[in-house]
Amino acid sequence: MSIHDIPDEVLRNGVTGCTILCQMDFKTNPKNWWLGYGPLTAGGVEYQGTGDVIQISAMELTYGLSAGMVRFTIPNASPEMIALCDDQGAEVNGRRVQVLYQLFATDERDGEHRGRMIGDPMSVFVGRMKDMTSTSSADARTIELECYGRMSQQGKPPYGRWTHTDQQRRYPGDTGLELLPTLKEKAITWIPGS
């Protein structure tokens, strides 16, 4: 059941909450967790509760698009967690991560319990994990993991740069960008047509 199948009166009655679910495809030990306590099964997947141990950065979402970057933080990491974080590039970098919303009821009604799931989880971010870092001081220990979605590379040219070499790779024999370097810092005067 998707959110579109849920009757409006269920969504608009003021007794609906949501929680965050996360699926992280670590290389040797994939994890599914949610921002709550205890185990939770949603959409046929079991999630482990993390309580308030993990924090998620704000996600800027636009209609139909995924967020560009999400940062996961463990602000009060234990020394054991810090030790596990070191040298985890192969375990983390380039691996898939997905963040989902799950709606649930906040009231008891018709014999149904409070906290029951409403619909299936809704995906709000799909990306790749990168750059797990840890910082330690006398006062605090923190672990951060940055994850980048498809929209985070909007400014990157899709097939290389506008250079003669890249143009030759795309279209062998084309000379359209051959003189491009000679135009650097050259003023061009446009003559209006008559």
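Structural remarks
- Residue list for region 14-28, filter: closer than 16 Å to Y101 by Cβ and in a loop (DSSP other than H, G, I, E, B): none
- Exactly one residue out of V124, V45 is surrounded by 15 or more Cβ atoms within 10 Å (Cβ to Cβ) and modelled with pLDDT of 80 or more: that is V124.
- Flag if A67 is modelled with pLDDT under 75, in contact with a Ser or Thr (Cβ under 9 Å, 6 or more places away or on another chain) and either within 26 Å of R141 (Cβ to Cβ) or not in a helix (DSSP H, G or I) (or both): yes
- Of all residues in region 29-42 being outside any strand (DSSP E or B) and over 27 Å from A90 (Cβ atoms), the one that is least open to solvent (accessible area, probe 1.4 Å): G36
- Residue in region 6-28 that is at pLDDT below 85, open to solvent by 40 Å² or more (accessible area, probe 1.4 Å) and at positive phi present: yes
- Members of region 77-105 that are surrounded by fewer than 13 Cβ atoms within 10 Å (Cβ to Cβ), part of a loop (DSSP other than H, G, I, E, B) and over 19 Å from the mean Cα position of the chain (by Cα): S78, D86, D87
- Filtering region 165-175 to residues that are at pLDDT below 85 and either of a type in the set (F, W, Y) or open to solvent by 60 Å² or more (accessible area, probe 1.4 Å) (or both) leaves T165, R169, R170.
- Residues in region 138-154 that are open to solvent by less than 80 Å² (accessible area, probe 1.4 Å) and modelled with pLDDT under 85: G149, M151, S152.
The values are calculated or read from the model by the stated rules, or taken from the named source; none is laboratory data. Please read these numbers as outputs of a predicted model, since none were measured by experiment. Glycine also receives a Cβ, built like all others from the backbone with ideal geometry; neighbour counts cover every protein chain displayed. Protein only, heavy atoms only, side chains kept; ligands, DNA and RNA dropped before computing areas. Shrake-Rupley method; radii C 1.70, N 1.55, O 1.52, S 1.80 Å.
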